[in-house]
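For reference, the structure discussed in these notes is given below.
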């Protein structure tokens with residue numbers, strides 16, 4: 001998954017239109033579309049606004065990690081990669097049930 005795909009997924013998860021997001025960021029709908037299609041990358045200030053809007057981190061949006069929730073990210077600080085993978089697998093298993 002790339003940044004554009006994550007932006008689209010989050011927008012849809014929050015039941016927002018591209019127009020809704022454009023209004024919040026004070027940009028055009030076509031710019032939001034170009035972000036989601038990977039044609040453009042949000043500037044650092046816009047990236048921060050998007051992270052705030054979707055209650056996530058810029059690292060998640062930039063695909064630097066796969067942890068969506070900042071609170072979870074902070075609570076995993078100090079755990080090994082293997083421990084984090086195991087926790088994610090447990091959470092995924094719980095979601096299926």
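Only the coordinates and a few stated rules stand behind these numbers; no lab work does. Model, not experiment: these values are computed from the prediction. FYI the Cβ positions are ideal-geometry reconstructions off the backbone, even for glycines, and counts take in every protein chain you see.
Extension gain, residue 13 to residue 48, is 10.8 nm, computed as 0.36 nm per intervening residue step minus the present C-alpha separation. Spin-label pair residue 37-residue 87: with each label point 7 Å from Cα along the Cα-Cβ axis, the two points sit 3.9 nm from one another. Reducing region 20-35 and region 1-16 to their Cα centroids gives an inter-centroid distance of 13 Å.
Note down the nm distance, to one decimal, between modelled labels 7 Å out along Cα→Cβ at residue 94 and at residue 23. Modelled inter-label distance: 3.6 nm.
Let a ≥ b ≥ c be the square roots of the eigenvalues of the Cα gyration tensor of region 14-66; is it rounded (a/c under 1.5), or, if not, prolate (a/b larger than b/c) or oblate? Kindly include the intermediate steps, with their values, before the conclusion.
Numbers: a/c = 1.69, a/b = 1.36, b/c = 1.24.
Prolate, because a/c is 1.5 or more and a/b exceeds b/c.
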